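Take a look at the structure below.
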Amino acid sequence: MVVISDIFVQLGQMALVLLLAPLLTGVVRKIKARLLRRRGPSIFQPYRDLLRLLRKEVVLAENASWLFRVTPYVTFAAIWVAAALVPTFASGLEFSWSADLIAIVALLGSARFFLALAGMDVGTSFGGIGSSREVMIAALAEPAMLLMVFCVALIAGSTQLSTVATFMASSEVGLRVSLGMAMIALIMVALAENARIPVDNPATHLELTMVHEAMILEYSGRHLAMIEFGAFLKLLLYISLIICVFFPWQITTEGAGPLSYLVSVAAYIFKLAVASLLLAVFETATAKMRVFRVPEFLGAALMLGLLGTLLRFVSRGF
Amino acid sequence: MIPAVAQQIWCVAALLGTTALAIASSRSRRSTALVYGATFAISLVALAGALFSLIARTGATELTLPIGLPWLGSHFRLDALAAFFLVVVNLGAAAASLYGLGYGSHESTPQRILPFFPAFLAGMNLVVLADDAFTYLLCWEFMSLASWALVMAHHREPDNARAGYVYLVMASFGTLALLLAFGLLSGAGGGYGFAAIRSAQHTPSEAALVLALMLLGAGSKAGLVPLHVWLPLAHPAAPSHVSALMSGVMTKVAIYGFIRVVFDLLGPPSWSAGVVVLILGGATAVIGILYALMENDLKRLLAYSTIENIGVIFTSLGLALAFQANGFGLAAALAFTAALFHVLNHSFFKSLLFFGAGAVLTSTGERDMEKLGGLIHRMPLTSFVFLVGCVAISALPPFNGFVSEWLIFQAVLQSPDLPQWVLKIMVPAVGALLALAAALAAACFVKAFGITFLGRARSPAAEAAGEVDRYSLAAMFSLAALCFLAGILPGLVIDALSPVAQAMIGHRMPVQANDPWLSIVPIEESRSSYNGLLVFAFITAAASLAVYFIHRFASRAIRRGPAWGCGFADPTPAAQYSGASFVQPIRRVFGTLVFQAREHVDMPAPGDLRPARFKVDMHDLVWERLYTPLTEAVWFLADRLNQLQFLTIRRYLSLVFATLVTLLLVLAIWS
């Protein structure tokens with residue numbers, strides 16, 4: 001019985017992230033538009049965009065290879081699997097033991113690896129510029145993320161996200177300096193990885209400053225839909241990760257009744273709403289930085305992660 | 001039933017026989033097929049024997065041959081550690097022989113390669129089997145010289161002679177260090193057998209000196225920074241299947257030497273040994289991969305990436321030493337197993353990648369990535385396996401590179417319990433370096449694959465490329481399959497490595513075979529676990545699901561058109577991103593410090609018709625700060641000592657007399 005309910009929780013979570021991801025992006029866009037005194041599109045616009053793209057034919061560049069056509073599905077699948085392994089409303093995910101936090105970081109790395117290759121496939125200079133900058137950002141963001149993982153794993157005594165979430169939800173954690181540093185590092189990495197301001201501008205087109213959009217410039221139709229969907233999922237994943245590691249209140253731990261699932265889903269959606277509000281406010285309040293300021297930004301994240309981990313290494317108290 | 005070690009010696013004898021055969025049949029047209037066919041068969045037999053003794057845990061077998069020093073003989077021994085490294089050596093050898101069957105037929109001067117190839121294989125096998133210091137050093141030199149001859153196979157090509165020269169100097173230096181190390185280990189009594197060395201007591205200062213000498217000797221062969229300078233010159237200069245052996249296998253033989261002495265012969269380590277190895281390993285990993293990123297020659301890029309992987313392996317060994325010194329047996333076993341796992345993985349994917357580079361070289365005649373591009377259309381199979389190798393070496397799931405990196409990170413997470421403050425601060429810093437190296441490796445192989453195989457062809461040669469022969473493809477596909485299998489079934493590999501860890505560390509990782517769904521659990525399930533098989537199944541299922549739904553319910557129409565490129569059609573392939581421009585952001589971030597890279601832009605004033613110029617200055621600081629002063633010092637001294645050649649007989653006699661008196665004085669004061 002327990003196994004079956006766990007599998008249902010797992011499947012429910014996979015469906016939930018798929019359903020919620022476009023909505024989250026829609027909400028962030030709506031709030032940003034309202035903050036700029038625009039009316040903005042409906043919060044359901046991302047769904048419509050996806051459906052529209054899915055119905056359109058694909059226009060492939062003449063020299064696009066099989067890699068170019070496979071990449072959208074591979075990246076989407078890798079991000080979806082990663083998103084399915086981050087506890088959202090319940091910590092006891094059936095398959096959480098199959099990949100821990102380090103593996104989730106690496107799964108996102110796989111998605112990025114293929115996307116960067118696809119950017120170079122057609123052989124336009126825009127694709128190259130996007131890939132080249134993406135790997136530069138990743139070369140700093142990934143170690144920062146791993147150090148944040150180290151810090152959290154040392155506090156929770158595990159790299160398993162379900163265990164981490166359960167531990168963080170318990171009262172024995174308290175406020176810790178190293179956790180604060182890890183959280184700031186994770187937020188900075190999340191901004192960079194999701195191509196948000198101040199690292200990249202998700203709304204930009206035809207600018208020499210763009211990174212992510214330049215990489216996927218040659219994509220169209222269902223391929224583009226898959227990549228966009230992957231990007232929505234990735235944003236949801238990072239916000240869920242921040243929530244589950246640092247704010248796991250009301251998350252359902254193992255052996256709770258069905259009512260607690262309702263409460264925790266509601267709490268999760270509430271937390272997502274708060275996070276999207278904060279993200280929108282932050283993005284509206286800051287300006288995008290030059291590409292070569294990004295290393296300094298991510299370097300700071302790396303240092304914060306390292307400092308947090310070092311503090312854990314030298315003393316149990318922090 | 002002859003003992004396992006005797007079987008291996010017979011294989012070595014057969015390899016040496018193949019060398020004789022190669023010399024005898026050098027005029028024959030079929031000698032290429034004959035020699036590689038023979039080495040392939042012999043390597044498979046040796047591989048089967050080594051694999052059997054590793055998995056069946058047959059225990060150590062010994063053999064003494066009455067050759068070598070008259071009072072000593074030659075001792076050979078096959079234990080778990082040797083068996084594991086024999087697996088690595090012979091697997092790489094079998095793959096290289098298979099590849100050579102096809103690749104060797106393009107060779108213009110096969111008689112310069114064929115005799116040395118089996119000799120090189122024999123040398124590597126013998127080093128791993130040797131059980132006394134004399135045999136070890138002799139075989140080590142044999143291996144070095146055979147590989148040197150292979151490096152010099154195309155000695156008329158520019159730079160190859162220099163590569164051979166630098167290699168020879170560094171190899172002699174390394175052997176000198178090893179000679180001194182074994183001298184110290186054997187002590188004044190001259191117990192050259194490994195059994196005698198193992199049972200002898202070594203003082204801490206002796207042990208520290210031996211460690212330093214081993215780092216110099218084995219480290220120079222493996223490519224530890226700053227002793228790596230010969231490696232990116234020599235490895236690419238050899239024919240590609242030999243490059244694969246040198247990078248994928250010979251560096252591992254050096255690591256075997258390091259493990260044999262430091263973990264086995266030297267007795268219990270001190271924690272400061274761990275610190276030294278950790279620092280060297282971490283620095284090697286990051287510097288190696290940064291060099292690789294800046295490189296535009298495909299084979300040199302791979303050689304530099306070997307340096308990075310050696311750094312990762314040494315880091316893990318350093319962790320094992322630190323844990324071992326503090327009595328954390330389980331953690332030490334974890335770190336040690338991770339190092340061995342990475343040894344195995346690196347031999348798989350680096351051989352695969354060198355084979356791929358060789359295929360590109362055969363097909364286009366180019367190693368320079370700036371003249372390649374678009375090969376994915378013309379060499380679909382090669383590009384597929386090369387992609388597998390790139391994903392594996394970039395430590396991405398579900399392939400094998402990720403598993404060993406993951407195990408190393410798990411070992412790093414075990415280390416807050418270490419009592420020494422230096423280690424407490426060093427280990428997270430080294431963990432950060434490893435994470436950085438892994439991320440940079442991914443960037444490096446995006447570049448390697450993207451510039452070489454994707455985009456549009458940058459030269460007529462790349463335009464006219466074709467797929468390579470079936471033997472080469474078979475070799476590459478089998479290695480790619482091994483990368484995949486080791487990635488999704490890591491538990492089997494870890495269990496196979498457990499006797500080695502048991503023998504060297506005294507502990508082993510928990511048995512993995514009983515874990516549900518073939519997961520791997522390094523310490524306990526609540527701490528961490530990983531299941532490559534399930535991750536692979538999930539990704540496949542999710543991707544198939546997406547493909548099915550979209551093609552069933554949404555659109556499946558495709559139209560081909562010219563590339564969009566924001567409306568800016570690039571007229572020539574030269575307008576694509578090149579290898580140098582791809583790494584420009586990373587060069588700006590890291591290169592200003594590590595390479596003192598400076599960019600000079602010469603932009604003509606409006607109206608001026610001369611072209612704009614862009615120039616990058618980069619410095620190889622290891623050469624400039626270490627080796628150039630060293631060579632200058634040697635030249636200076638040689639110049640000064642030159643006068644000694646032209647003295648009269650009286651002066652020579654007085655010099656001899658003075659030396660004698662000084663030596664006697666020293667002896668008198670000493671005792």
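The values are calculated or read from the model by the stated rules, or taken from the named source; none is laboratory data. These figures come from a predicted structure and were not determined experimentally. Neighbour counts are summed over all protein chains in view; Cβ atoms, including those assigned to glycine, are modelled from backbone coordinates with ideal geometry. Just so you know, the surface numbers come from the protein's heavy atoms only, side chains and all, with ligands and any DNA or RNA stripped out. Shrake-Rupley method; radii C 1.70, N 1.55, O 1.52, S 1.80 Å.
A few points about this structure:
- Among the residues of region B:335-370, just one is part of a helix (DSSP H, G or I) and among the acidic types (Asp, Glu), namely B:GLU370.
- For region A:111-123, the set of residues classified as at the interface with chain B (Cβ under 7 Å from one of its Cβ atoms) and open to solvent by 10 Å² or more (accessible area, probe 1.4 Å) consists of A:MET120 only.
- Which listed residue, of B:ALA411, B:ALA432, B:ALA439, is open to solvent by less than 10 Å² (accessible area, probe 1.4 Å), facing chain A (nearest Cβ under 7 Å) and under 23 Å from the mean Cα position of the chain (by Cα): B:ALA439
- Check on B:PRO606, more than 14 Å from chain A (Cβ to nearest Cβ), loosely packed, with under 12 Cβ neighbours inside 10 Å and part of a loop (DSSP other than H, G, I, E, B): yes
- Inter-residue pairs, beta-carbon under 8 Å, first assigned to a loop (DSSP other than H, G, I, E, B) and in region B:105-116, second open to solvent by 90 Å² or more (accessible area, probe 1.4 Å), 6+ apart: B:PRO115/B:ILE23
- Tally, over region B:570-597, of residues that are outside any loop (DSSP other than H, G, I, E, B) and either within 10 Å of another protein chain (Cβ to nearest Cβ) or in contact with a helix residue (DSSP H, G or I) (Cβ under 9 Å, 6 or more places away or on another chain) (or both): 15
- In region B:54-71 there is no residue matching the filter, namely being open to solvent by less than 70 Å² (accessible area, probe 1.4 Å) and within 14 Å of B:ASN125 (Cα to Cα).
- Residues of region A:124-135 classified as closer than 12 Å to A:PHE113 by Cα and either at the interface with chain B (Cβ under 8 Å from one of its Cβ atoms) or over 19 Å from the mean Cα position of the chain (by Cα) (or both), total: 3
- Qualifying position, being touching a Cys at 6+ places or on another chain (Cβ under 8 Å), surrounded by 23 or more Cβ atoms within 10 Å (Cβ to Cβ) and closer than 15 Å to A:ALA301 by Cα, among A:MET181, A:MET136, A:MET188: A:MET181
- Annotation note: Cβ proximity below 7 Å between a residue of region B:626-641 that is of a type outside the set (Asp, Glu) and a residue that is modelled with pLDDT under 95 and open to solvent by less than 70 Å² (accessible area, probe 1.4 Å) (sequence gap 6+ or interchain) occurs for B:LEU626/B:PRO226; B:TYR627/B:VAL229.
- Counting only helices (runs of 4 or more DSSP H) that sit wholly inside region B:202-317, those with at least 2 residues that are open to solvent by 10 Å² or more (accessible area, probe 1.4 Å) and in contact with a Leu (Cβ under 8 Å, 6 or more places away or on another chain) are B:204-222, B:271-294.
- Unique residue being surrounded by fewer than 24 Cβ atoms within 10 Å (Cβ to Cβ) and under 30 Å from A:VAL9 (Cα atoms) when the list is A:VAL58, A:VAL27, A:VAL86, A:VAL81: A:VAL27
- Subset of region A:275-318 [more than 9 Å from chain B (Cβ to nearest Cβ), surrounded by fewer than 22 Cβ atoms within 10 Å (Cβ to Cβ) and farther than 30 Å from A:ALA214 by Cα]: A:LEU307, A:LEU311, A:SER315, A:GLY317, A:PHE318
- All of (1) more than 29 Å from B:MET426 (Cβ to Cβ); (2) touching a residue at least 60 places away in the same chain (Cβ under 8 Å) hold for A:LEU67 with one exception: (2).
- Checked against (1) at the interface with another protein chain (Cβ under 7 Å from one of its Cβ atoms); (2) surrounded by fewer than 24 Cβ atoms within 10 Å (Cβ to Cβ); (3) out of contact with any Pro (no Cβ under 9 Å at 6 or more places or on another chain), B:GLY450 passes all but condition (2).
- Odd one out for A:ALA64 among (1) of a type in the set (Gly, Ala, Ser); (2) at pLDDT below 95; (3) not in a loop (DSSP other than H, G, I, E, B): (3)
- A Cβ distance below 6 Å, combined with a sequence gap of six or more or placement on separate chains, defines the contacts here; from region B:156-173, residues that are farther than 12 Å from B:LEU227 by Cβ reach residues that are loosely packed, with under 15 Cβ neighbours inside 10 Å in the pairs B:ALA161/B:HIS155.
- Restricting region A:139-178 to residues that are part of a loop (DSSP other than H, G, I, E, B) and at the interface with chain B (Cβ under 7 Å from one of its Cβ atoms) leaves a set whose member that is most open to solvent (accessible area, probe 1.4 Å) is A:GLY157.
- Within region A:34-51, tally of residues that are in a helix (DSSP H, G or I) and either hydrophobic (A, V, I, L, M, F, W, C) or without any contact (Cβ under 8 Å) to a residue 24 or more places away in the chain (or both): 6
- Options B:ARG640, B:ARG587, B:ARG613: the member that is under 25 Å from B:VAL229 (Cβ atoms), of a type in the set (Lys, Arg) and not assigned by TED's automatic domain parsing to the domain that holds B:LEU290: B:ARG587
- Any hit, region B:478-487, residues being open to solvent by 50 Å² or more (accessible area, probe 1.4 Å), among the polar types (S, T, N, Q) and either over 28 Å from A:ALA64 (Cβ atoms) or more than 8 Å from chain A (Cβ to nearest Cβ) (or both): yes
- The lone exception for A:THR71 - which of (1) crowded, with 24+ Cβ neighbours inside 10 Å; (2) at the interface with another protein chain (Cβ under 9 Å from one of its Cβ atoms) it fails: (2)
- Note on region B:453-474: residues that are at the interface with another protein chain (Cβ under 7 Å from one of its Cβ atoms) and out of contact with any Phe, Trp or Tyr (no Cβ under 9 Å at 6 or more places or on another chain) amount to 1.
- Looking across region B:516-541, just one residue is in a helix (DSSP H, G or I), among the small types (Gly, Ala, Ser) and open to solvent by 50 Å² or more (accessible area, probe 1.4 Å), and that is B:ALA541.
- The residue that is nearest to A:GLY123 (Cα to Cα), among those in region B:542-574 that are under 35 Å from the mean Cα position of the chain (by Cα) and open to solvent by less than 80 Å² (accessible area, probe 1.4 Å), is B:PRO573.
- Against the test of being within 23 Å of B:GLU107 (Cα to Cα) and crowded, with 24+ Cβ neighbours inside 10 Å, the options B:VAL343, B:VAL391, B:VAL360 yield a single qualifying residue, B:VAL360.
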